[in-house]
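Remarks on the structure that follows.
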Amino acid sequence: MNKNTEIGATYEAAGVNLEGSRDIKDTIKALATQTYGDGVVGGVGGFGAMYKIAGYANPILVTSTDPVGTKLMVAGMVGSYENIGADLVNACVNDLIVIGADPLFFLDYIATSKMNSEVVEILVKGIAEACSSVDCALIGGETSEMPGMFAGDNFDVSGFIVGAVEERNMLRPTETIVESDVLIGVPSNGLHTNGYSLVRHIYGLDNDTTPLNIYYDDLGETLAKALLKPHLPYYHDLRKIFGLVKGIAHITGGGLYENVPRMLPTGVTAKFSTSLWDVPSIFNIIQTEGKVDSEEMYHVFNMGLGMVVAVQKNHVSKVLNLVKNSVVVGEIVESYQDNEVVIQN
């Protein structure tokens, strides 16, 4: 036996603060409880959370999971995590919308090498507030302290959501979208949660955070504030038109080119005209300062469109009236040179 081990090894000596972990979990439970509705049977604190699905004749469960990507690193560079919780929830909720589903419950996962209770509380508070805004229960999750897993103060956060839709009300775009349908765009407020690796590369942010503090007249704010605007929620706006639309695409990583084809049947092309909507200034600045080709921009960023919906012509006016700031951005045409998406001026 090693005589130098008279005092046994402890978890705290290994870098895990059990007492601090218990304290933050109590805080998380208090925040999560505020989001509970009648469906929650067992929430935060047990080995598994429980939820009773009611009000559906033939419910189809819809799930999604997402991180916030390297936007989290940009937030860390300026010590601003206030919007990250909303980013996480809204990115997941918006993925349910494309099926026509309502959110039921959400779980989060926060993984870190050293627990910073203040940051965790900010994150969970943002998650709880975003969940409450869409009547979604923050029903559980995991906060894990793993010494040595992440360098420095870095950590990761991800979310998982479950929603439901009545089977007869599911959106089935690949079965219903046809040539002559109209594409309507719902504006984004910036990057949402995609394209940050390219931004970090353009500005050299991993080595120099100075560009984040530069004020741009075109933005009316610093680069950091523009980059950290929250991923917008679209649930309340789009829920009003579930019965009017044929398909919905959430424009996330891959931009219009990769996300719109998810709702298209074979034999048609989504044709967009960029002159029909305003591209936020942040994208023009990124393109100019990074000398990024336009094609690349539309492959990486949402370019001002957070969601795209496909509707038949006689529903266009009603949809535009119901969804604030929405605009016609294109149309569904006969298959165009085997391209699923065409973007032109």
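Going through region 273-321 one residue at a time, which ones are free of Cβ contacts under 8 Å to residues at least 12 places away in the same chain and either more than 19 Å from I343 (Cα to Cα) or under 19 Å from the mean Cα position of the chain (by Cα) (or both)?
T288, K291, N314, S317, N321, listed by residue number.
Name the single residue that is farthest from D237 (Cα to Cα) among those in region 67-94 being more than 12 Å from the chain's Cα centre (by Cα) and β-branched (V, I, T).
Only one residue fits best here, namely V78.
Just to be sure before I move on: is K246 touching a strand residue (DSSP E or B) at 6+ places or on another chain (Cβ under 9 Å) and surrounded by 16 or more Cβ atoms within 10 Å (Cβ to Cβ) in the structure I sent?
Criteria met by K246.
Please work out if D206 is assigned by TED's automatic domain parsing to the domain that holds N259 and of a type in the set (D, E).
yes
Just checking, which of L244, L232 is over 20 Å from I127 (Cα atoms) and either at pLDDT below 95 or not in a helix (DSSP H, G or I) (or both)?
Working: L232 fails: over 20 Å from I127 (Cα atoms).
After applying the criteria, what remains is L244.
I'd like to verify a number: residues in region 34-66 that are at positive phi and either within 15 Å of the chain's Cα centre (by Cα) or at pLDDT below 85 (or both), how many?
1
Every residue in region 108-138 that is among the small types (G, A, S), in contact (Cβ under 8 Å) with a residue 60 or more places away in the chain and closer than 19 Å to M73 by Cβ, please.
Within region 108-138, just S113 meets the criteria.
Go over the candidates T209, T222, T252 one by one and state the one that is touching a residue at least 24 places away in the same chain (Cβ under 8 Å), among the polar types (S, T, N, Q) and more than 30 Å from S317 (Cα to Cα).
Exactly one residue qualifies, and that residue is T209.
Quick check on region 144-186: of everything there that is in contact with a Phe, Trp or Tyr (Cβ under 9 Å, 6 or more places away or on another chain) and among the acidic types (D, E), which residue is nearest to V120 (Cα to Cα)?
If we take residues in region 144-186 being in contact with a Phe, Trp or Tyr (Cβ under 9 Å, 6 or more places away or on another chain) and among the acidic types (D, E), then D156 is nearest to V120 (Cα to Cα).
For A270, only one of the following conditions fails: (1) over 30 Å from K225 (Cβ atoms); (2) free of Cβ contacts under 8 Å to residues at least 24 places away in the same chain. What is its number?
The failed condition is (2).
The values are calculated or read from the model by the stated rules, or taken from the named source; none is laboratory data. Being a predicted model, the structure only gives us computed values, none of them experimental. So basically every Cβ, Gly included, is an ideal-geometry build from the backbone, and we count neighbours across all protein chains shown.
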